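Student: Handing you this structure, nothing more for now.
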């Protein structure tokens with residue numbers, strides 16, 4: 001498997017991480033996501049990681065990097081489905097997922113992305129540079 | 001990876017096939033899907049296979065089996081994202097995906113599932129045993 005499939009659903013791109021990430025795959029995912037945000041005008045990127053038993057600094061950096069690039073392209077990144085053990089380890093290691101919002105599952109993550117779109121539909125020019133938590 | 005994550009989105013369960021399927025994994029997926037249909041009351045199962053370069057008779061049987069079990073539990077199965085080469089091979093081999101509807105991508109697949117729900121909301125008791133094509 002040399003590419004992780006990206007599903008487009010409305011204005012959101014959904015990625016499920018199922019395989020062990022390595023350098024090349026992470027890079028390919030970032031490139032594919034970036035290209036797809038531009039092509040589809042997606043405003044949200046939803047990354048589902050319930051299959052991951054470990055989120056180490058490599059995966060952490062990948063997520064942060066995807067979020068940063070997506071933000072530049074005006075798409076918000078939400079990580080969904082984190083296992084409890086992973087959450088505990090992240091906090092214990094002091095690993096911060098800067099610029100990434102987290103949701104309990106994909107359904108709530110979608111709601112987050114959609115809420116943001118509705119919000120911007122009302123106000124426009126909302127605080128996009130703010131670091132959401 | 002011993003389990004393929006299943007995403008719930010509204011009344012639909014979404015599965016992305018990214019790894020090589022083997023017996024145990026296929027069985028686990030079928031069990032997980034079945035349990036999740038019962039638990040969530042989902043009415044649609046969307047299987048995304050754009051990462052698959054080959055759909056052999058093993059994968060074909062797995063899909064047909066998932067569809068059959070899901071149908072018994074009143075959920076429709078849609079396979080989305082099939083590669084052109086895979087479609088050609090399926091036809092050439094005469095492999096039939098009985099009881100499975102196919103969609104070009106996840107977005108259209110979701111529309112299919114939702115259309116069915118709306119349809120049933122109107123009429124109820126629609127021809128569920130009919131082999132859709």
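The values are calculated or read from the model by the stated rules, or taken from the named source; none is laboratory data. Here the structure is a predicted model, which is why all the values come from computation and not from measurement. With ideal geometry, Cβ positions are generated from the backbone for all residues, glycine too; neighbour counts draw on all protein chains shown.
Student: Based on this model, can you work out whether residue A:55 counts as surrounded by 20 or more Cβ atoms within 10 Å (Cβ to Cβ) and touching a strand residue (DSSP E or B) at 6+ places or on another chain (Cβ under 6 Å)?
Tutor: On the way: surrounded by 20 or more Cβ atoms within 10 Å (Cβ to Cβ): yes; touching a strand residue (DSSP E or B) at 6+ places or on another chain (Cβ under 6 Å): no.
Spelling it out, it is not the case that residue A:55 is surrounded by 20 or more Cβ atoms within 10 Å (Cβ to Cβ) and touching a strand residue (DSSP E or B) at 6+ places or on another chain (Cβ under 6 Å).
Student: Condition test on residue B:64, is it assigned to a loop (DSSP other than H, G, I, E, B) and either more than 14 Å from chain A (Cβ to nearest Cβ) or surrounded by fewer than 20 Cβ atoms within 10 Å (Cβ to Cβ) (or both)? Explain how you work it out, then say what you get.
Tutor: On the way: assigned to a loop (DSSP other than H, G, I, E, B): no; either more than 14 Å from chain A (Cβ to nearest Cβ) or surrounded by fewer than 20 Cβ atoms within 10 Å (Cβ to Cβ) (or both): yes.
Taking the combined requirement at face value, the residue does not satisfy it.
Student: Please determine, by comparing only the residues of region B:12-37 that are away from every other protein chain (no Cβ under 11 Å) and assigned to a loop (DSSP other than H, G, I, E, B), which one is nearest to residue A:4 (Cα to Cα). Quick ask: steps written out before the conclusion?
Tutor: Of region B:12-37, the ones away from every other protein chain (no Cβ under 11 Å) are B:21-24, B:26-37.
Still in the running and assigned to a loop (DSSP other than H, G, I, E, B): B:21-22.
On the way: B:21: 15, B:22: 19 Å.
Once the filter is applied, the top-ranked residue is B:21.
Student: When the residues of region B:38-55 are filtered to those that are within 11 Å of chain A (Cβ to nearest Cβ) and either part of a strand (DSSP E or B) or more than 18 Å from residue A:17 (Cβ to Cβ) (or both), which remaining residue is modelled with the lowest pLDDT? Spell out how you get there, then give the answer.
Tutor: Keep residues of region B:38-55 that are within 11 Å of chain A (Cβ to nearest Cβ), which gives B:40, B:46, B:48-53.
Narrowing further to those that are either part of a strand (DSSP E or B) or more than 18 Å from residue A:17 (Cβ to Cβ) (or both): B:40, B:46, B:48, B:53.
Values: B:40: 96, B:46: 97, B:48: 97, B:53: 92.
Among residues in region B:38-55 that are within 11 Å of chain A (Cβ to nearest Cβ) and either part of a strand (DSSP E or B) or more than 18 Å from residue A:17 (Cβ to Cβ) (or both), the one modelled with the lowest pLDDT is B:53.
Student: On to the next question. From the set of residues in region B:15-28 that are farther than 15 Å from residue B:100 by Cβ and crowded, with 21+ Cβ neighbours inside 10 Å, which is modelled with the highest pLDDT?
Tutor: B:16
Student: Only one residue in B:121, B:125, B:99 is farther than 29 Å from residue A:49 by Cβ, surrounded by 16 or more Cβ atoms within 10 Å (Cβ to Cβ) and modelled with pLDDT under 95, so which one is that? Show your work before the answer.
Tutor: Numbers: B:121 fails: surrounded by 16 or more Cβ atoms within 10 Å (Cβ to Cβ); B:125 fails: surrounded by 16 or more Cβ atoms within 10 Å (Cβ to Cβ).
That would be B:99, the only listed residue that is farther than 29 Å from residue A:49 by Cβ, surrounded by 16 or more Cβ atoms within 10 Å (Cβ to Cβ) and modelled with pLDDT under 95.
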